[in-house]
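Take a look at the structure set out below.
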């Protein structure tokens, strides 16, 4: 059976080049980079090289990057550092559409007594800039707003947002897990203080991430212990995975143009094809400012989990913002924040492509998808 | 990904009895678009009260579709009165089980069946539990009567289980405290049923039950007023207790002994208990 993987915002395949780069570090090159012998020396060099590759992708200094175990750890560390280094400030600004790795951290600090501002979004998922400007106060310790949304793909105006925070002397963090490797990010011209990224979204394996901390920004470490990562993240370096992330960063740069153009074209072909062949379908998100690989479509009067399971039978992998897929009883917080009507929110499907998606894949999905929706609509008691 | 049984998958992928039933004389509708699942059940019931045909239309996840499909198989050939005795557990069992977060799908099936039969009998379409209860969960429109029914039929012990079975409390969460109260009340009823006196009670049984009632029923009330109580001995029907804390100096301790301690023990242990202060 044909297999089409369109869930690349959840995780990506490990690139063959990445795997090949990593393998020696599971073999002979097992040294600890901190060791004072050649076993350590060999791998310390590889860690440095990976850091340089990642720095090149983001246009920052290698020393500004801290390797972590995940995007989630990077987010947690950013909050910890920002709040611990400015104990007198008690206010945090974020948005209602963040990933749980930020939202649940915000809720934790809220329970600890911090004041939170959760910024609203409009029906397209765009931030309310006036509300944002008003939310920044002398008591604000941190602004944390995602670079791009994982569910609908919206890209937020991080340039403007971070400049406004900078003017007021407020630290700015962005969860860029979905943006890195998909759109160009140039930290020379972008005044963000901290940025989180994750390896497994850019064809490196799961279990590796990084946090960028701008030179000059005070940093308080979240993990204590050894002096690794210039004392900013204790714990022996995960050498093979760091090497993998470095290779993934190189590939991202090489493929950036292809991603931006070819993937976006395939995505558009898929999206417009589905909208043409399936009635009562609508796109969620800001199509003018979207990741090139993401399409979020709602199908009226059908339920997302049922769609996913029928697609899975056809070898098509996607994801849904429906309540039933998560075990929660409400549709996605992102779609709710956008005010997507219930009869559409429960039937939302996210299709996220990658550099490995082919035109054949898109054709296959376009051929099979309408039948799935028809089957479920035939069962549904809601016909209009 | 959910771990559905083969039966759930079979009914989801190839649902039985789909679509409106032209000669239906009973229709039950539950759920709504906003809730994320809805079921419309069509029945053809004979004049002597036997369900001859059943079909459905469902909006919802795989387990909602499978629950509906298996339900239509189950009820055909059943007498209406027997069908009313079906519980959500019977639906779950017929499917070989459901993930616990999906139990509400089987509850929806049972409710639709009840609604359809009410419709046939010419009673108001809303289910019994819906009609009589007080609305607890505003997000999903769940009443206390529905919650109590789910607790009793499925022997639920936690608030999370109540949410899994009824959806109540699964959205904004404002009613979670109220659900906890209903649950606590139900569990208390349950535990009291257990300790209803049997015909003959040994001294040891009597002592254990007295101890339990003192711990669960009496002490919390005294503690709330700064007092406490200790069971000293049980001698036949005589229960010796000692009042502690503020109760020991209280002028009305005699009243406490009669009106609270003795009365409660008589109610829950044996009707002829005599309480004395040690």
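The values are calculated or read from the model by the stated rules, or taken from the named source; none is laboratory data. Only a predicted model underlies this, so the values are computations on that prediction, with no experimental measurement involved. Note that we place each Cβ from the backbone using ideal geometry, even for glycine, and neighbour counts take in every protein chain shown.
Computed quantities for the displayed model
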quantity	calculated
Verdict on residue A:67 being over 25 Å from the mean Cα position of the chain (by Cα), farther than 30 Å from residue A:337 by Cβ and assigned by TED's automatic domain parsing to the domain that holds residue A:181	no
Count of segment B:45-61 residues which are more than 7 Å from chain A (Cβ to nearest Cβ) and free of Cβ contacts under 8 Å to residues at least 60 places away in the same chain	11
Unique residue being more than 14 Å from chain B (Cβ to nearest Cβ), buried (at least 24 other Cβ atoms within 10 Å of the Cβ), in contact (Cβ under 8 Å) with a residue 12 or more places away in the chain and closer than 24 Å to residue B:63 by Cβ when the list is A:299, A:369	A:369
Qualifying position, being buried (at least 21 other Cβ atoms within 10 Å of the Cβ) and either modelled with pLDDT under 95 or assigned by TED's automatic domain parsing to the domain that holds residue A:92 (or both), among A:208, A:183	A:208
Test set (1) within 21 Å of the chain's Cα centre (by Cα); (2) more than 15 Å from residue B:62 (Cα to Cα); (3) within 14 Å of chain B (Cβ to nearest Cβ) - residue A:340 fails condition number	(1)
Test for residue B:260: is it buried (at least 16 other Cβ atoms within 10 Å of the Cβ) and under 34 Å from the mean Cα position of the chain (by Cα)	yes
Residue within segment A:159-168 that is in contact with a strand residue (DSSP E or B) (Cβ under 9 Å, 6 or more places away or on another chain), over 20 Å from residue A:77 (Cα atoms) and in contact (Cβ under 8 Å) with a residue 60 or more places away in the chain present	no
Flag if residue B:69 is under 27 Å from residue B:1 (Cβ atoms), under 27 Å from the mean Cα position of the chain (by Cα) and assigned to a loop (DSSP other than H, G, I, E, B)	no
Members of segment B:41-66 that are more than 12 Å from residue B:113 (Cβ to Cβ) and within 26 Å of the chain's Cα centre (by Cα)	B:58, B:59, B:60, B:61, B:62, B:63, B:64, B:65, B:66
All positions within segment B:163-175 that are out of contact with any strand residue (DSSP E or B) (no Cβ under 9 Å at 6 or more places or on another chain) and farther than 19 Å from residue A:336 by Cβ	B:164, B:165
Single residue of A:77, A:53 found to be part of a helix (DSSP H, G or I) and in contact with a strand residue (DSSP E or B) (Cβ under 8 Å, 6 or more places away or on another chain)	A:77
Options B:150, B:145, B:129: the member that is under 14 Å from the mean Cα position of the chain (by Cα), away from chain A (no Cβ under 14 Å) and either modelled with pLDDT under 85 or outside any helix (DSSP H, G or I) (or both)	B:129
Subset of segment B:18-44 [away from chain A (no Cβ under 11 Å) and assigned to a loop (DSSP other than H, G, I, E, B)]	B:21, B:22, B:23, B:24, B:25
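For every residue, the table says whether it meets (1) buried (at least 20 other Cβ atoms within 10 Å of the Cβ); (2) in contact with a strand residue (DSSP E or B) (Cβ under 6 Å, 6 or more places away or on another chain).
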| residue | (1), (2) |
| --- | --- |
| B:81 | no, no |
| B:86 | no, no |
| B:89 | no, no |
| B:95 | yes, no |
| B:100 | no, no |
| B:104 | yes, no |
| B:109 | yes, no |
| B:116 | yes, yes |
| B:122 | no, no |
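Here's the yes/no breakdown for (1) in a loop (DSSP other than H, G, I, E, B); (2) more than 30 Å from residue A:341 (Cα to Cα):
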{"position": "A:33", "(1), (2)": "yes, yes"}
{"position": "A:46", "(1), (2)": "no, yes"}
{"position": "A:92", "(1), (2)": "no, no"}
{"position": "A:102", "(1), (2)": "no, no"}
